[in-house]
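J.: The structure follows.
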Amino acid sequence: MTSIDLNQKFIEIFNTTKTPATFFAPGRINLIGEHTDYNGGHVFPASISFGTYALGQKRSDQKFRLYSMNFPQIGIIECDLSSLDYDETHNWANYPKGMLRYLKEAGFEFSNGADILFYGNIPNNAGLSSSASIEMATGVLIEGLYDLEIDRFKMIQIGQKVENDYIGVQSGLMDQFAIGMGRKDYAILLNCNTLEYEYAPLELKDHFILIIYTNKQRSLAGSKYNERRKQCDQSLSDLKSKLSINSLGDLTKKEFEQYKHLIQDKTNQKRAKHVVYENARTLEAFEKLKENDLEAFGKLMNESHKSLQQDYEVTGSELDTIVQAAWEQEGVLGARMTGAGFGGCAIAIVEKERIVDFKNNVNAIYHQSIGYDATFYTATIGDGAKEITEGALK
Ligand code: GLA
């Protein structure tokens, strides 16, 4: 899809002659640090070059007309600036609608509506944050079209509020943060407790990061995501009976082992264990990457997957089959699920020269066991959400 194609589509769909402005928000992968964000721990994501394009043009009335090339059968969804409540029949358009509503409520002035066309080249519901991507694309579009200055942190928090309060998924800040703050060729270590962050160059020498999509979609609204969050909250509240901590991310592994008996429920204990150990692994992985010790980094990725499989129980047979198959291949430094789990994508760090064999072998094992193919993408780490100027989109 080129900028000319997208412009053309916009002109056709909205029956206009003016060329729209173009904005882009990436998707993200998370290298390590899973299900730690809503527990005050660390995450280590990076924004990728796949994402959501949003083309827009201001209107002189208060109408918003929203169209997604990914859901052409749904057609144009129309709403008014004065009525931006969640509407189940509006389907995907609830994400941009939620952003419009909370941006407006936060006091950002856009007194008129807009025509907006979205086109996403990340698979939906694949664990690469297609929803945060559309939220942030809407944020930068409104900022650009209406010449607003929206603090990036504020935009990120508004995106999370859309998930939590508008859509009903109690997700953390990681996805919107990675997408809002991403930088080409860098991953970001974020402390979700203090919101301090640090960029680390992703120099993988002779290796690529491969994204492997299980082709099993998952929807967090209907998944066990909120249940996991409750289990963590319960663990924290049990621990607080004796400890003065604010989040599971405050605990070292040693402290956890010393006090885990305070967590009444055995399942909750396992959930909390994952969070505490994963948080420690993430900090270690960040150091290893800085030291250029990719082997050690890969091993930590593998341990992360095992912990998500055995203690947090969010992997499932599709992801486990892919990751296990990846571990068995030559030239693989590490592999793990990425994102929420329950289907979606895995990532693997694979030697460039072995990529072809890797794909063939992993897919053969996957197909044999699951009954259909996986899809492979090479991850390119790109910039965060921004306006695309003429010629930048080829
Ligand atoms: C989803 C959520 C994030 C995070 C991950 C798991 O992507 O949106 O906030 O919790 O799952 O690490």
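The values are calculated or read from the model by the stated rules, or taken from the named source; none is laboratory data. Owing to the predicted nature of the structure, the values given are computational and were not obtained by experimental measurement. Using ideal geometry, Cβ is built from the backbone for each residue, glycine included, and neighbour counts are taken over all protein chains shown. The protein model used for the area step is the full one, side chains on, heavy atoms only, and it has no ligands, DNA or RNA in it. Shrake-Rupley method; radii C 1.70, N 1.55, O 1.52, S 1.80 Å.
J.: Extent of the range 91-200 along each principal axis, from alpha carbon coordinates, in Å, largest to smallest?
T.: The principal-axis extents, from largest down, are 40, 29, 27 Å.
J.: How much FRET efficiency would the formula 1/(1 + (r/R0)^6) give for Ser244 and Glu105, where r is the Cβ-Cβ distance and R0 is 35 Å, rounded to 0.05? Walk me through the intermediate numbers first.
T.: Numbers: r = 35 Å, r/R0 = 1.00.
Here the calculated transfer efficiency is 0.50.
J.: Could you rank Ser369, Ser129, Ser244 by how accessible they are, 1.4 Å probe, largest area first? Could you put the intermediate results ahead of the total?
T.: Numbers: Ser369 75, Ser129 10, Ser244 120 Å².
Result, largest first: Ser244, Ser369, Ser129.
J.: Something else now. Rg(Cα) of the range 1-65 divided by 2.2 N^0.38 Å?
T.: On the way: Rg = 17.7 Å, N = 65, 2.2 N^0.38 = 10.7 Å.
Here the Cα radius of gyration is 1.65 times the empirical estimate.
J.: Quick one: what do you get for the range 3-199 if you divide its Cα Rg by 2.2 N^0.38 Å? Mind dumping the intermediate values first?
T.: Values: Rg = 16.2 Å, N = 197, 2.2 N^0.38 = 16.4 Å.
Relative to the 2.2 N^0.38 Å estimate, the range 3-199 comes out at 0.99.
J.: In nm, to one decimal, how far is the Gln264 label point from the Thr2 one, both placed 7 Å along Cα→Cβ?
T.: Once both label points are built, they end up 6.5 nm from each other.
J.: Then there is this: Hey, could you grab the Kirkwood Rh for the range 241-367? Inverse mean 1/r over distinct alpha carbon pairs, Å, one decimal.
T.: Working: mean 1/r = 0.0630 Å⁻¹.
Here the Kirkwood hydrodynamic radius works out to 15.9 Å.
J.: Let me ask you something else. Kindly state, to the nearest 0.05, the FRET efficiency for Thr17 paired with Asp87, given R0 = 35 Å and r defined as their beta-carbon distance.
T.: It comes to 0.70.
J.: With label points built 7 Å along Cα→Cβ from the Cα atoms of Glu291 and Ser237, find their separation and express it in nm.
T.: 4.1
J.: Now a separate question. For the chain, which whole percent of the accessible surface, found with a 1.4 angstrom probe, sits on carbon and sulfur atoms? Don't skip to the answer; put the middle values down first.
T.: On the way: 7040 of 16400 Å².
Solvent-exposed carbon and sulfur of the chain make up 43 percent of the total.
J.: Follow-up question, since we're still on this one. Which distance in nm do the two modelled labels at Lys184 and Ser317 give, with both placed 7 Å along the Cα-to-Cβ direction?
T.: 4.4
J.: Would you kindly state the longest site-free stretch of the chain, with sites defined as GluC sites (Glu not before Pro) in a DSSP loop (not H, G, I, E, B) surrounded by at most 14 other Cβ atoms within 10 Å?
T.: Working: sites that count: Glu109, Glu149, Glu196, Glu203, Glu291, Glu328, Glu330, Glu390.
Between the exposed loop sites, the longest stretch runs 1-108.
J.: Expressed in nm to one decimal, what extension gain is obtained for the pair Trp327 and Lys254 from 0.36 nm per residue of sequence separation less their Cα-Cα distance?
T.: Values: separation 73, 0.36 × 73 = 26.28 nm, distance 2.91 nm.
Taking 0.36 nm per residue and subtracting the Cα distance, the gain is 23.4 nm.
J.: Report, in debye and to the nearest 20, how large the dipole of the chain comes out about its Cα centre when Lys and Arg carry +1 and Asp and Glu carry -1 on their Cβ. Let's see the in-between values first.
T.: Working: 42 positive and 53 negative charges, 94 e Å.
For the chain, the charge dipole is close to 460 debye.
J.: Be a star and scan the range 308-324 for residues whose amide nitrogen sits under 16 Å from the point 7 Å along the Cα-to-Cβ vector of Ile370.
T.: 309, 314-324
J.: Which trypsin sites (Lys or Arg not before Pro) from the range 1-66 combine a DSSP loop assignment with at most 13 other Cβ atoms within 10 Å?
T.: Values: sites: Lys9, Lys18, Arg28, Lys58, Arg59, Lys63, Arg65; in loops: Lys18, Arg59.
Sites meeting the loop and neighbour criteria: Lys18.
J.: A follow-up question, please. Which angle from 0 to 90°, rounded to the nearest 10, does the C-alpha axis of helix 3-14 make with the longest principal axis of the chain?
T.: For 3-14 against the chain, the angle is about 60 degrees.
J.: Beyond 35 Å, what share of the Cα-Cα pairs of the chain is found? Please give it as a whole percent. The partial results should precede the final answer.
T.: Details: 20846 of 77421 pairs.
Considering the chain, 27 percent of its Cα-Cα pairs are separated by more than 35 Å.
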